[in-house]
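The values are calculated or read from the model by the stated rules, or taken from the named source; none is laboratory data. Keep in mind that what you see is a predicted model, and the values were worked out from it rather than measured. All Cβ positions, even for glycine, are placed from backbone atoms using ideal geometry, and neighbour counts span all protein chains on display. Only protein heavy atoms, including side chains, enter the accessible area calculation; ligands, DNA and RNA are left aside. Shrake-Rupley method; radii C 1.70, N 1.55, O 1.52, S 1.80 Å.
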Amino acid sequence: MNNLLVFCVKKWLHLSPDLVDSRLFDEESFYKQFRDDLRYSKKEVIIESPFISTNRMNSLIAPFEELVRRKVKVYVFTRHPDEHDLGMKQQAESAIRRFEAMGVQVLITTDYHHRKIAILDRNVLWEGSLNILSQTCSREIMRRIDSASLSTEMFEYLKLNRFIY
């Protein structure tokens, strides 16, 4: 797109310039791009996923182990296992123990939070409906935004500086 047209579209839509360049992913295309983003993360990965399933955990364990090996700080915010039914509770408890054993900091929420986001190096923001650590067969959508300003805005909006320095 030529620069004048992009400027006009942004002005007309009143969007952040960063959103014009964002991309949408579904449950089929999300994980390949997300794994690539994890591979290129250098400092910090923050994930909010209310549910954690054994199957999804098994599919993502290698990238998380690699992040920890490279000394990338990894934070996972998830619901307290008691907020799940028995089957999901057991999977969440097992996954939390597994994350903590490998060096991932798990922060437990107790307010039935339902946000699905990821912030990578405070430069890439993922947001949408897909439970990153549990999605299996549902139809979902995630938007990938390559923007330090919007990643920082989300970090500050969620007041994550209370937990992450």
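Would any residue of the range 48-69 have its amide N under 16 Å from a label point 7 Å out along Cα→Cβ of residue 102? List them or say none. Hits in the range 48-69 for residue 102 at 16 Å: 48-49, 52-69.
Under the rule of -39500 (n - 2.57) per DSSP H run of 4 or more residues, summed and divided by the residues of the chain, what mean residue ellipticity at 222 nm is obtained, to the nearest 500 deg cm²/dmol?
One gets -13000 deg cm²/dmol as the mean residue ellipticity at 222 nm.
Note down the magnitude of the dipole of the chain about its Cα centre, charges +1 on Lys and Arg C-beta and -1 on Asp and Glu C-beta and zero elsewhere, to the nearest 20 debye. Kindly include the intermediate steps, with their values, before the conclusion.
Working: 25 positive and 23 negative charges, 85 e Å.
With Lys and Arg at +1 and Asp and Glu at -1, about 400 debye.
Electrostatic tally near residue 82: other residues with Cβ closer than 13 Å to its Cβ, Lys and Arg +1, Asp and Glu -1, net -2.
Tell me, in nm to one decimal, what length is gained between residue 86 and residue 58 on full extension, where the rule is 0.36 nm per residue of separation less the Cα-Cα distance?
Numbers: separation 28, 0.36 × 28 = 10.08 nm, distance 1.95 nm.
Gain in length upon complete extension: 8.1 nm.
Accessible area per residue for the chain, computed on protein heavy atoms with a 1.4 Å probe, is 57 Å².
Taking only Cα atoms, what is the 0 to 90° angle, nearest 10, from helix 3-13's long axis to the longest principal axis of the chain? Helix 3-13 and the main axis of the chain meet at about 70 degrees.
Given the alternatives (1) 1.11; (2) 1.28; (3) 1.00, Rg/Rh (Cα atoms, Kirkwood Rh) as computed for this entry is given by (3). Residue 112 sits among other residues whose Cβ lies under 12 Å from its own Cβ, and their net charge, with Lys and Arg +1 and Asp and Glu -1, is -1.
Ranked by the mean number of other Cβ atoms within 10 Å per residue, highest first, peptides 44-51, 89-96 order as 44-51, 89-96. Computed over protein heavy atoms with a 1.4 Å probe, the carbon and sulfur contribution to the accessible area of the range 36-142 reaches 50%. In percent, what relative contact order does the chain have, based on Cα pairs under 8 Å that are 6 or more apart in sequence? With pairs under 8 Å counted, the relative contact order is 28 percent.
Which entries in the list 43/89; 32/89; 116/159; 71/116; 89/159; 71/159 go over 22 Å, if you measure between the two C-alpha atoms of each? Intermediate results must be reported in sequence, preceding the final value.
Working: 43/89 30 Å; 32/89 27 Å; 116/159 15 Å; 71/116 24 Å; 89/159 27 Å; 71/159 24 Å.
Going by Cα-Cα distance, 43/89; 32/89; 71/116; 89/159; 71/159 fall outside the 22 Å limit.
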